[in-house]
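The next block holds one structure in the form of structure tokens; read it before the comments.
The values are calculated or read from the model by the stated rules, or taken from the named source; none is laboratory data. None of these values were measured; they are calculated from a predicted model. Backbone-built Cβ (ideal geometry, glycine too); neighbour counts: all protein chains shown.
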Amino acid sequence: MIRRVGRWLGRLLLVLALCLAGLLAPVAYTELACRGEAAPEPYDAILPPAHHRAESRTYLTYPEWHIVHAYDDYAQVISTDDPHTFGFLRSIAGFWSTLCDVTRVASAHGGVPGETKQMVYVIGVSFTAELLMKAAYEETLGRVIAMLRGPERAPLDDLSARQARRYATFLQQVPWYQWEFVADAEALETMATGALRDRERRFALGLEYGAKAAYARVIAAAVDTVGADELTLRMIITGYAGEGEDRLQIIAAREVGLEVETVRYRALTHLLRELAARGVNFIEIAGNDDIMLTVISETATFDGARSSIQRQGYGDYRHLVGLKVRDLGARLRQYQRDGIGVEHIHDY
């Protein structure tokens with residue numbers, strides 16, 4: 001009996017070891033195969049060092065945003081279809097392939113800081129594990145229950161789609177661990193009917209939301225210990241007429257332009273697009289002269305794109321474009337004239 005238990009325990013440990021090795025394989029590949037040449041161009045920053053951020057981070061913020069975009073794609077897909085139609089493996093592959101691309105580029109812009117690399121690998125492995133588990137369920141039992149339900153959607157299909165859309169929007173400005181997963185689980189309980197699909201959705205998504213709520217509490221506690229990232233940054237701009245703008249604060253007038261402090265994340269993208277449309281140009285952002293943005297187009301290729309990926313549920317393409325900060329204003333105005341959608345401007 002003891003020998004039999006030992007054999008099963010050994011097999012379990014082997015399976016766990018293989019799973020862990022599989023999750024870490026993309027990390028090993030990125031470390032070995034995605035190195036670029038660390039030869040940053042010299043640049044004399046205008047802003048004082050206290051307001052500098054590593055230039056490589058404009059590229060290395062993309063992996064986090066890939067996850068945000070993946071949730072947005074998922075919400076788009078399940079708004080009209082079932083979860084098993086979403087390309088979980090495709091989304092995972094997109095994370096690691098674009099991470100490889102931006103890692104090579106970041107190497108030429110000051111290198112990849114150790115803490116940034118560690119953070120990106122942790123979220124990448126977590127994202128991979130989450131989507132693999134979700135795929136394993138939705139492609140099996142979830143698919144079977146959806147087939148038994150028939151073509152007409154159940155109430156919790158529509159509710160979970162609305163929850164996914166709100167969550168994807170929330171992630172564009174606020175860290176994921178601040179989302180009220182418990183409230184979503186309670187909404188499932190309240191709106192569920194006695195239909196088989198509703199009972200299955202309530203059970204499966206209830207488990208998912210419960211696990212995420214517990215993990216979110218752990219992450220929130222860790223962030224409280226080390227401190228959250230700054231919510232503003234400094235930049236130098238020209239052509240600003242001083243219009244009332246609560247997302248921008250003038251700090252000082254310099255010979256080359258105005259030093260201002262602005263919001264970050266998705267709110268910064270909206271702000272920069274609006275300023276560019278009013279004729280504002282950007283000289284330096286967070287002590288850097290290079291920046292990356294993502295644009296959306298109907299074509300699979302895009303001039304100057306460092307990497308391109310098709311969006312699920314939308315039928316169009318996302319392109320990662322790097323450019324000089326001094327060219328940003330003119331480029332944003334050009335994109336507006338050409339009808340090119342600027343999705344996100346990646347700060348640092």
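Okay, here's what the table says:
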{"item": "Single match in 64, 41 (criterion: surrounded by fewer than 21 Cβ atoms within 10 Å (Cβ to Cβ), over 16 Å from residue 293 (Cα atoms), of a type in the set (Asp, Glu) and outside the structural domain of residue 318 (by TED's automatic domain parsing))", "result": "41"}
{"item": "Hits in region 193-236 - residues which are in contact with a Lys or Arg (Cβ under 8 Å, 6 or more places away or on another chain) and more than 30 Å from residue 61 (Cβ to Cβ)", "result": "195, 196, 197"}
{"item": "Residues (of a type in the set (D, E, K, R), within 27 Å of the chain's Cα centre (by Cα) and either exposed (fewer than 12 other Cβ atoms within 10 Å of the Cβ) or closer than 16 Å to residue 178 by Cβ (or both)) located in region 218-277", "result": "224, 229, 230, 246, 264, 266"}
{"item": "Residue satisfying all of: in region 169-186; surrounded by fewer than 16 Cβ atoms within 10 Å (Cβ to Cβ) and either under 21 Å from residue 263 (Cα atoms) or in contact (Cβ under 8 Å) with a residue 40 or more places away in the chain (or both); farthest from the chain's Cα centre (by Cα) among these", "result": "178"}
{"item": "Of residues in region 326-348 being of a type in the set (A, V, I, L, M) and touching a residue at least 60 places away in the same chain (Cβ under 8 Å), the one surrounded by the fewest Cβ atoms within 10 Å (Cβ to Cβ)", "result": "342"}
{"item": "Residues that are without any contact (Cβ under 8 Å) to a residue 12 or more places away in the chain and either part of a strand (DSSP E or B) or in contact with a His (Cβ under 8 Å, 6 or more places away or on another chain) (or both), drawn from region 243-261", "result": "250, 252, 253"}
{"item": "Cβ pairs under 8 Å, 6+ apart, first in region 270-292 and without any contact (Cβ under 8 Å) to a residue 40 or more places away in the chain, second among the small types (Gly, Ala, Ser)", "result": "278/239; 278/241"}
{"item": "Search result, residues across region 169-209 that are part of a loop (DSSP other than H, G, I, E, B) and touching a Phe, Trp or Tyr at 6+ places or on another chain (Cβ under 8 Å)", "result": "171, 172, 173, 179"}
{"item": "Test: residue in region 187-200 that is closer than 23 Å to residue 172 by Cβ, without any contact (Cβ under 8 Å) to a residue 60 or more places away in the chain and surrounded by 15 or more Cβ atoms within 10 Å (Cβ to Cβ)", "result": "yes"}
{"item": "Some residue of region 151-168 being in contact (Cβ under 8 Å) with a residue 12 or more places away in the chain and within 30 Å of residue 258 (Cβ to Cβ)", "result": "no"}
